[in-house]
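The structure appears right after this line, and notes come after that.
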Amino acid sequence: MPDILVSIADLGNDRFRIVVEDNGPGIVKRQIPNIFGKLLYGSKFHCLKMSRGQQGIGISAAGMYGMLTTGKPVEIISRTDPSKPAHHFLLQIDTKKNKPEIISDTEVEWEVPHGTRVAIELEGKHTRGRQSVDEYVRQTVIANPTSGSVPGPLGRDD
């Protein structure tokens with residue numbers, strides 16, 4: 001079963017660090033810059049049809065928003081196999097050319113056998129209520145249960 005961790009850390013002054021980590025198959029090193037540093041990079045975008053999670057704009061747009069509001073790059077760690085090293089990237093998007101700019105590309109120790117971790121620092125307002133990030137994650141977990149745990153305010157299980 002998939003495990004997905006979503007955390008939001010309040011850094012003060014309307015800045016937040018959002019981290020999403022999964023235990024999926026990981027992403028091969030050569031694909032990481034395009035997936036996270038290029039808008040509309042998706043396996044099915046050329047088909048011009050709607051299919052969940054295949055348009056290639058979500059994570060790269062979130063990273064671009066973070067970059068534009070804070071100037072900070074997106075941090076990605078991914079590993080495809082326990083016998084292979086994890087790859088750690090710091091990326092930005094060249095908004096004029098829609099191309100990834102690799103700030104850093106290193107191999108790192110990571111205790112996770114396979115999966116991906118993305119961290120984005122951004123500016124925004126964190127509100128509670130019906131249209132909040134907390135409620136979106138809560139409803140997503142209810143609609144797509146994996147471990148039976150339903151999150152309370154992000155960072156805690158109720």
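The values are calculated or read from the model by the stated rules, or taken from the named source; none is laboratory data. What you see is a predicted model, and the numbers here were worked out from it, not measured in a lab. Cβ: placed from backbone, ideal geometry, glycine included. Neighbour counts: every protein chain shown. Accessible surface areas use protein heavy atoms only, side chains included; no ligands, DNA or RNA. Shrake-Rupley method; radii C 1.70, N 1.55, O 1.52, S 1.80 Å.
Summary table below
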{"read-out": "Residue under evaluation Ser43, criteria (1) closer than 14 Å to Val118 by Cβ; (2) open to solvent by 40 Å² or more (accessible area, probe 1.4 Å); (3) modelled with pLDDT under 95, criterion not met", "value": "(1)"}
{"read-out": "Residue in the stretch 109-125 that is at pLDDT below 90 and either out of contact with any strand residue (DSSP E or B) (no Cβ under 6 Å at 6 or more places or on another chain) or open to solvent by 80 Å² or more (accessible area, probe 1.4 Å) (or both) present", "value": "yes"}
{"read-out": "Val74 under 18 Å from the mean Cα position of the chain (by Cα), modelled with pLDDT under 95 and surrounded by 15 or more Cβ atoms within 10 Å (Cβ to Cβ)", "value": "no"}
{"read-out": "Condition check for Ile93: modelled with pLDDT under 95, surrounded by 13 or more Cβ atoms within 10 Å (Cβ to Cβ) and in contact with a strand residue (DSSP E or B) (Cβ under 9 Å, 6 or more places away or on another chain)", "value": "yes"}
{"read-out": "Residues located in the stretch 126-149, provided they are modelled with pLDDT under 70 and open to solvent by 50 Å² or more (accessible area, probe 1.4 Å)", "value": "Pro145, Thr146, Ser147, Gly148"}
{"read-out": "Residue satisfying all of: in the stretch 80-90; farther than 12 Å from Pro33 by Cβ and in contact (Cβ under 8 Å) with a residue 12 or more places away in the chain; least open to solvent (accessible area, probe 1.4 Å) among these", "value": "Ala86"}
{"read-out": "The stretch 12-27: number of residues that are farther than 14 Å from Pro113 by Cα and either aromatic (Phe, Trp, Tyr) or surrounded by 13 or more Cβ atoms within 10 Å (Cβ to Cβ) (or both)", "value": "6"}
{"read-out": "Cross-chain or 6+ apart pairs with Cβ under 6 Å, the stretch 61-74 first and aliphatic (A, V, I, L, M), then assigned to a helix (DSSP H, G or I)", "value": "Val74/Phe36; Val74/Gly63"}
{"read-out": "Residues within the stretch 98-145 that are part of a loop (DSSP other than H, G, I, E, B) and more than 24 Å from Ser78 (Cβ to Cβ), tallied", "value": "10"}
